[in-house]
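Chemist: Below: one structure in structure tokens.
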Amino acid sequence: MDENKAPFVPYVYLNSNGEINDGQPAKVVSSCKLDIYTFPFDIQNCTLTFNSYLHRIKDIKMVLGRSVEVITQKSKAVMTTMGEWELLDITYHDLVPNTDEESIDKLAFHIRLKRRATLYVVNLILPSCFLITVDLFSFLLPPQSVDRSSFKMTLILGYTVFLLIMNDLLPITGNAIPLINVFFALCLALMVASLVETILITDLLHSSSRLSPVPHWVHILVLQFFGTIVCLPWKDKDAKKSDIPLTSVAGQMHGDRPSHVSKTQDGAAAVKEELSEDTALQELRSLGRDLQALRLHVDQQLGESTSSQQWVQCRLQKSNKCSRVLFIFITLFACAPGEPVMLNCSSPTTLALLEALTPVFDLSSIRPVSNLSTPTMVQVEFVMFGILGVDEKSQILTTFIWQYLVWKNEFVSWDPEQCGARRITVPRKYVWEPDVVINEFMEKNNAPPVPYVYLHSNGIVVDDKPVKVVSSCKLDIYMFPFDTQNCTFSFNSYKLRTTDLQVESAWEDDFRFNLSKKVMTTMGEWQLIGLSAKKFEFAILEGDSYQELRFYVTVRRSPTMYVVNLLLPSCFLIIVDLFSFLLPPQSVDRSLFKMTLILGYTWFLLIMNNLLPVTGNTIPLMNVFLSMCLVLMVGSLLETIVVTNLLCGSAHQSPVPWILRVIILQFLGPLMLLPPKPKKKEDTVISNPATQGPLSKDQRPPHTSALPRSKTLEALRDLGRDLHLIRQQVDQQRSSKETSEEWFQMGYITDRLVFVTYTLFISISFITIVIMWARGA
């Protein structure tokens with residue numbers, strides 16, 4: 001596929017028996033169909049096919065000079081460098097398509113190479129196994145007390161950076177996906193799935209207090225069935241003695257009397273003791289009301305905690321090288337106005353024929369026609385042998401073709417029987433060659449040179465040579481990586497006009513295309529899907545014109561590598577950003593999580609930037625897609641910052657303005673399935689005068705002035721004052737939370753609205769881009 005850049009050896013050995021010994025070094029840049037599915041444990045079988053480019057089997061026959069066993073042993077003995085490859089063996093077979101004398105003799109050597117996998121195991125596979133093991137053990141982190149989502153996000157960021165840095169070690173091809181790439185993609189997908197699961201579990205744990213009780217079927221399926229499977233059965237809590245309603249205690253306190261109080265007691269003593277008991281009973285009742293209010297709050301919290309525990313319990317642990325076919329289509333031209341002179345050979349030998357052709361060779365500098373008014377008809381054809389690559393930045397297509405030119409030399413004509421040959425190969429410098437060039441050619445032809453052409457007895461000249469074409473091409477990369485490129489090879493004479501030289505195609509389009517697909521050895525990430533020809537004639541100055549034969553080459557890019565290395569990671573990260581809306585911003589630092597995600601995605605784009613095409617004509621749709629993903633991530637981060645500020649600073653905010661209350665709480669809240677919460681009925685607090693301090697004489701109950709101060713009564717009054725102060729603080733906190741709850745509700749509604757908008761925008765954008773790519777492909 002390239003010229004030999006090894007040191008040149010100017011000599012050969014000429015033996016006395018006529019045998020010539022030619023030994024020379026060669027740096028071979030050859031095409032090889034590589035099977036990298038099992039990379040890095042792959043074994044490659046490449047072929048070096050030796051044959052004459054022009055001579056048929058009638059002219060040159062090839063034989064093996066030494067056994068392949070000796071070649072293999074000698075190669076292993078003298079080999080100085082192998083790098084990561086180990087030579088296993090060398091075999092050969094003689095490629096003779098048929099016994100036709102027009103076929104070309106070929107000798108194919110098959111070289112088997114084995115890749116040394118140690119470097120890739122140590123640098124790629126082991127680190128991936130370590131990181132996926134860390135992700136597995138991260139399930140042991142308690143999500144209710146540790147920000148497991150940030151841990152997993154950092155782990156994914158590290159793994160993504162690892163893959164990007166090590167991307168140069170992986171083979172790049174459009175024909176197949178190596179199994180190791182599937183392994184890496186699977187590891188990344190598992191990490192993303194575990195992160196999404198962690199986000200859902202975190203949302204379940206921190207928002208379970210706001211959820212309705214666990215449905216019965218969920219309780220049966222998850223808590224009892226799956227819980228038993230994963231050894232986490234749900235245990236119903238037994239009723240405790242502390243759960244006895246206070247009303248029963250209060251009723252018992254109200255109805256019971258000390259047994260020693262009876263009618264048989266003395267009247268004055270009975271009245272005195274009864275008044276003392278009534279005062280203590282009033283204190284107990286006041287104390288009971290405060291305790292009952294506190295108990296209601298505690299019961300409410302316990303009920304929410306029980307429902308939360310049930311939701312928390314619902315967690316789930318989850319070729320040979322193709323033979324080259326040469327088919328030369330040769331047609332006889334109409335006889336020129338003057339018959340060519342028949343060459344006479346003295347004998348049917350090669351030397352006699354060369355001697356007869358000497359006058360013709362002396363005329364190699366002029367166009368070989370008897371009458372200069374007769375144009376020379378040149379048949380132009382080529383076979384696409386390999387697509388080496390496309391440079392989008394320079395707008396260049398690099399291909400390797402077999403070029404065929406056929407024209408007639410009217411100075412040549414001999415009798416095959418008299419001269420002993422129907423055709424002969426002669427050096428190029430001895431015959432006239434048309435100045436047919438490819439207009440789009442941008443560099444020197446580095447293909448191996450072919451020094452000979454075929455000269456037939458009827459004057460037909462066949463020029464067959466390989467050409468490495470580096471051509472300009474207007475590339476349209478808007479649909480990258482699902483793009484199809486149409487490039488043109490324009491063959492025409494650089495100097496001669498139509499009156500002197502004309503060009504035409506020799507083959508049908510289908511034959512040319514099928515032959516190219518049959519012999520093509522390398523395509524890389526490109527597939528040949530079309531090859532057609534069309535003839536044009538263009539006018540120039542002074543009434544002259546020239547003819548041009550255009551070949552339209554249509555190639556399509558194989559998008560597999562870009563889908564795996566660009567699209568899938570971007571989709572994974574944007575899905576993670578979407579699910580991050582489920583993280584409760586009031587209890588988890590969601591902004592830090594999103595910032596880490598944006599940092600990882602930015603790093604990913606910078607490192608993978610060399611895979612994207614660079615051109616000034618248009619912006620690829622892929623770039624728009626990647627930029628849109630980044631913009632969405634930044635927008636979601638800004639929304640998270642605003643919502644976090646709203647939730648965490650609501651205690652210091654003034655009451656919600658009525659217009660925001662109407663638009664957001666009353667209108668958008670029901671649309672987002674977050675209606676305003678009904679206000680709870682306030683408990684009536686009956687002030688206990690005894691807790692306010694010592695009673696005045698007017699406030700004391702009758703007949704109590706003479707009563708002695710009871711130690712029990714004083715203790716109850718002290719306890720009542722403390723409970724009353726506690727109750728006042730609880731009520732004060734509840735009243736101060738009403739304003740914060742409205743701001744909280746506005747934050748939740750805003751967050752839900754952005755989440756729904758984000759989801760709809762992503763869905764519509766992805767569907768639109770996929771449809772555009774599908775139509776473009």
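Chemist: Between residues in region 1-24 that are under 30 Å from Gly524 (Cα atoms) and residues that are surrounded by 10 or more Cβ atoms within 10 Å (Cβ to Cβ) and among the charged types (D, E, K, R), which pairs lie under 6 Å by C-beta distance while being six or more apart or on different chains?
Modeler: Asn4/Lys27; Lys5/Lys27; Ala6/Lys27
Chemist: Taking region 46-84 as the region of interest, how many residues are open to solvent by less than 50 Å² (accessible area, probe 1.4 Å), part of a helix (DSSP H, G or I) and out of contact with any Ser or Thr (no Cβ under 7 Å at 6 or more places or on another chain)?
Modeler: 3
Chemist: Okay, next question. Quick one: which residue in Leu592, Leu647, Leu599, Leu638 is at pLDDT below 80, farther than 30 Å from Ala774 by Cα, of a type outside the set (Phe, Trp, Tyr) and part of a helix (DSSP H, G or I)?
Modeler: Only one candidate passes the filter, namely Leu647.
Chemist: Scan the strands (runs of 3 or more DSSP E) fully inside region 474-554 and keep the ones with 2 or more residues being under 15 Å from Asn439 (Cα atoms) and touching a Cys at 6+ places or on another chain (Cβ under 9 Å).
Modeler: By residue number, 484-493.
Chemist: Could you list, in sequence order, the residues of region 427-444 that are surrounded by 14 or more Cβ atoms within 10 Å (Cβ to Cβ) and under 21 Å from Leu501 (Cβ atoms)?
Modeler: If the condition is that a residue be surrounded by 14 or more Cβ atoms within 10 Å (Cβ to Cβ) and under 21 Å from Leu501 (Cβ atoms), then Arg428, Tyr430, Val431, Trp432, Glu433, Pro434, Val436, Ile438, Asn439, Glu440, Phe441 are the ones that fit.
Chemist: What is the residue count in region 386-412 for residues that are assigned to a strand (DSSP E or B), at pLDDT below 90 and open to solvent by 10 Å² or more (accessible area, probe 1.4 Å)?
Modeler: Matching residues across region 386-412 total 5.
Chemist: Yes or no: region 478-492 includes at least one residue that is of a type outside the set (Ser, Thr, Tyr), within 30 Å of Phe411 (Cβ to Cβ) and at pLDDT 90 or above.
Modeler: Checked region 478-492: at least one residue is of a type outside the set (Ser, Thr, Tyr), within 30 Å of Phe411 (Cβ to Cβ) and at pLDDT 90 or above.
Chemist: A further question follows. Would it be correct to say that Pro448 is part of a loop (DSSP other than H, G, I, E, B), within 30 Å of Asp35 (Cα to Cα) and open to solvent by 40 Å² or more (accessible area, probe 1.4 Å)?
Modeler: In short, yes.
One line per residue, one yes/no per condition, for (1) of a type in the set (Gly, Ala, Ser); (2) more than 36 Å from the chain's Cα centre (by Cα); (3) open to solvent by less than 20 Å² (accessible area, probe 1.4 Å); (4) farther than 20 Å from Pro613 by Cβ:
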{"site": "Lys495", "(1), (2), (3), (4)": "no, yes, no, yes"}
{"site": "Thr498", "(1), (2), (3), (4)": "no, yes, yes, yes"}
{"site": "Gln502", "(1), (2), (3), (4)": "no, yes, no, yes"}
{"site": "Phe511", "(1), (2), (3), (4)": "no, yes, no, yes"}
{"site": "Glu525", "(1), (2), (3), (4)": "no, no, no, no"}
{"site": "Gly543", "(1), (2), (3), (4)": "yes, yes, no, yes"}
{"site": "Phe551", "(1), (2), (3), (4)": "no, no, yes, yes"}
{"site": "Thr554", "(1), (2), (3), (4)": "no, no, no, no"}
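Chemist: Picking from Pro584, Pro569, which residue would you name as being over 21 Å from Phe766 (Cα atoms) and in contact with a Ser or Thr (Cβ under 9 Å, 6 or more places away or on another chain)?
Modeler: Pro584
Chemist: Can you name the condition, by its number, that Cys335 falls short on among (1) modelled with pLDDT under 85; (2) open to solvent by less than 60 Å² (accessible area, probe 1.4 Å)?
Modeler: Of (1) modelled with pLDDT under 85; (2) open to solvent by less than 60 Å² (accessible area, probe 1.4 Å), only one is false for Cys335: (2).
Chemist: State all residues of region 85-97 that are surrounded by fewer than 16 Cβ atoms within 10 Å (Cβ to Cβ) and at pLDDT below 85; if no residue qualifies, say none.
Modeler: His93, Asp94, Pro97
Chemist: Test of understanding: among Thr560, Thr618, Thr602, which residue is buried (at least 16 other Cβ atoms within 10 Å of the Cβ) and not hydrophobic (A, V, I, L, M, F, W, C)?
Modeler: Working: Thr618 fails: buried (at least 16 other Cβ atoms within 10 Å of the Cβ); Thr602 fails: buried (at least 16 other Cβ atoms within 10 Å of the Cβ).
Only one candidate passes the filter, namely Thr560.
Chemist: While we're here: Taking Met520 as meeting all but one of (1) open to solvent by 20 Å² or more (accessible area, probe 1.4 Å); (2) under 18 Å from Val469 (Cβ atoms), write down the number of the exception.
Modeler: Evaluating Met520 over (1) open to solvent by 20 Å² or more (accessible area, probe 1.4 Å); (2) under 18 Å from Val469 (Cβ atoms) leaves (1) as the failure.
Chemist: Among the numbered conditions (1) in contact with a strand residue (DSSP E or B) (Cβ under 8 Å, 6 or more places away or on another chain); (2) among the hydroxyl-bearing types (Ser, Thr, Tyr); (3) open to solvent by 80 Å² or more (accessible area, probe 1.4 Å), tell me where Tyr37 comes up short.
Modeler: (1)
Chemist: Let me ask something else about it. What do you reckon, is Leu630 over 17 Å from the mean Cα position of the chain (by Cα) and open to solvent by 40 Å² or more (accessible area, probe 1.4 Å)?
Modeler: So Leu630 does not fit the description; no.
The values are calculated or read from the model by the stated rules, or taken from the named source; none is laboratory data. What you see is a predicted model; the values in this text were computed from it and never measured. All Cβ positions, glycine included, derive from the backbone under ideal geometry; neighbour counts span all protein chains shown. Each accessible area value is taken on the protein alone, full model and side chains, heavy atoms only, with ligands, DNA and RNA left out. Shrake-Rupley method; radii C 1.70, N 1.55, O 1.52, S 1.80 Å.
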